[in-house]
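Take a look at the structure below.
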Amino acid sequence: MTSHPRGPVGGLRCLVLSRQDHGEADRIVRLLSAERGRSTAIARSARRAGARFGAALEPLSLVELGLRARAHSMDVLEHVELVEPHLRLRDDLDRLTQAAHAAEVCGGLAREEHPEPRLFGLCQTALLVLDAATAAPGLAFRLGLEAKALTFAGLLAPLDRCAICGRPAQAEDEAPWLLTAAEGAALHAACGSSGTTCSASFLIELEAARRRPLQDSLDLDLPAGPRWALAERVEAQLNRPLRARALLGDAPCPVQV
Ligand SMILES: [Zn+2]
């Protein structure tokens, strides 16, 4: 599992995914970086007064760090420089929850100790866009993010084309379609039997959200449809529920579905 070389690693740009207390005064920090995907490091004495890491290890912060990589135990953080704390999104519960969800999806799908430049870039973009936003994002933002992350992880087929017969979805198509959490694919209801029922126009808009730059989806909604189908695809891969999902479900949503 720990295939990276031993020794000092410097200038590693990471997003802090989460942290937890460890032992008397330490913290374990989960990180996402382009070079190493998901990784874990220990911050010694991080909870002591005047600790050298200060507030730099807040979840959702972009940091540059130096660490000592070890072959058979957790890497040790040696120094941390705060690059971007994303302070503005912390003032708004909707945007903070969306950011936590983005970090959970991108970090969860990233492989451990394996380069993940696209998932890192997606997460970084999502946090920047949410930090600069002035209102709660539309549904196209979250579903676009989930679709992109699943694509980068190789877990999502084209959504505007039937995975069985190959025919494209047409907006005027009134026959029902299915979206499957298990395979991450769209298909005509007549071509398959399992999945969540949705309309062709929902799938066409979902595919558009996957291809569009994330910032361009910020104010966009989607037609009525299975708004959790892609989150369920992520959950099927992680084999656990997404923590932010309950909060997202309760948060005020600008679209009625
Ligand atoms: Zn079909």
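The values are calculated or read from the model by the stated rules, or taken from the named source; none is laboratory data. From a predicted model like this one, the values you see are computed outputs, not experimental measurements. Here the Cβ positions follow ideal geometry from the backbone for every residue, glycine too, while neighbour counts run over all protein chains shown. With ligands, DNA and RNA removed, areas are computed over all heavy atoms of the protein, side chains included. Shrake-Rupley method; radii C 1.70, N 1.55, O 1.52, S 1.80 Å.
Across the range 182-197, what is the number of residues that are within 14 Å of the ligand (Cβ to nearest atom) and buried (at least 18 other Cβ atoms within 10 Å of the Cβ)?
Residues meeting the conditions: 6.
Which count do you get for residues in the range 203-235 that are assigned to a helix (DSSP H, G or I) and away from the ligand (no atom under 16 Å from the Cβ)?
Qualifying residue count for the region: 17.
Within the range 142-170, which residues are within 16 Å of the ligand (Cβ to nearest atom) and either under 18 Å from Leu214 (Cβ atoms) or touching a residue at least 12 places away in the same chain (Cβ under 8 Å) (or both)?
From the range 142-170, those within 16 Å of the ligand (Cβ to nearest atom) are 157-170; that's our starting set.
Of everything in the range 142-170, those that are within 16 Å of the ligand (Cβ to nearest atom) and either under 18 Å from Leu214 (Cβ atoms) or touching a residue at least 12 places away in the same chain (Cβ under 8 Å) (or both) turn out to be Ala157, Pro158, Leu159, Asp160, Arg161, Cys162, Ala163, Ile164, Cys165, Arg167, Ala169, Gln170.
Given the options Leu96, Leu60, Leu65, name the one that is closer than 25 Å to Thr125 by Cα, assigned by TED's automatic domain parsing to the domain that holds Leu122 and under 23 Å from the mean Cα position of the chain (by Cα). Even if it seems obvious, please write down each step before you answer.
Numbers: Leu60 fails: assigned by TED's automatic domain parsing to the domain that holds Leu122; Leu65 fails: assigned by TED's automatic domain parsing to the domain that holds Leu122.
Going through Leu96, Leu60, Leu65 in turn, just one is closer than 25 Å to Thr125 by Cα, assigned by TED's automatic domain parsing to the domain that holds Leu122 and under 23 Å from the mean Cα position of the chain (by Cα): Leu96.
Only one of (1) without any contact (Cβ under 8 Å) to a residue 40 or more places away in the chain; (2) open to solvent by less than 50 Å² (accessible area, probe 1.4 Å) fails for His22. Which number is that?
Of (1) without any contact (Cβ under 8 Å) to a residue 40 or more places away in the chain; (2) open to solvent by less than 50 Å² (accessible area, probe 1.4 Å), only one is false for His22: (2).
Which residues, taken from the range 134-181, are under 23 Å from Pro59 (Cβ atoms), outside any helix (DSSP H, G or I) and open to solvent by less than 10 Å² (accessible area, probe 1.4 Å)?
Listed by number, the list holds a single entry, Pro137.
On the given criteria, is Glu35 out of contact with any Leu (no Cβ under 6 Å at 6 or more places or on another chain) and more than 22 Å from Leu122 (Cα to Cα)?
Numbers: out of contact with any Leu (no Cβ under 6 Å at 6 or more places or on another chain): yes; more than 22 Å from Leu122 (Cα to Cα): no.
Taking the combined requirement at face value, the residue does not satisfy it.
Show the residue pairs that are 6+ apart or on different chains and have beta-carbon atoms under 6 Å apart, the first residue being within the range 182-210 and free of Cβ contacts under 8 Å to residues at least 60 places away in the same chain, the second being among the small types (Gly, Ala, Ser) and within 12 Å of the ligand (Cβ to nearest atom).
So the pair list comes out as Ala185/Ala163; Leu187/Ala163; Ala200/Ala169; Leu203/Ala169; Leu203/Ala186; Ile204/Ala169.
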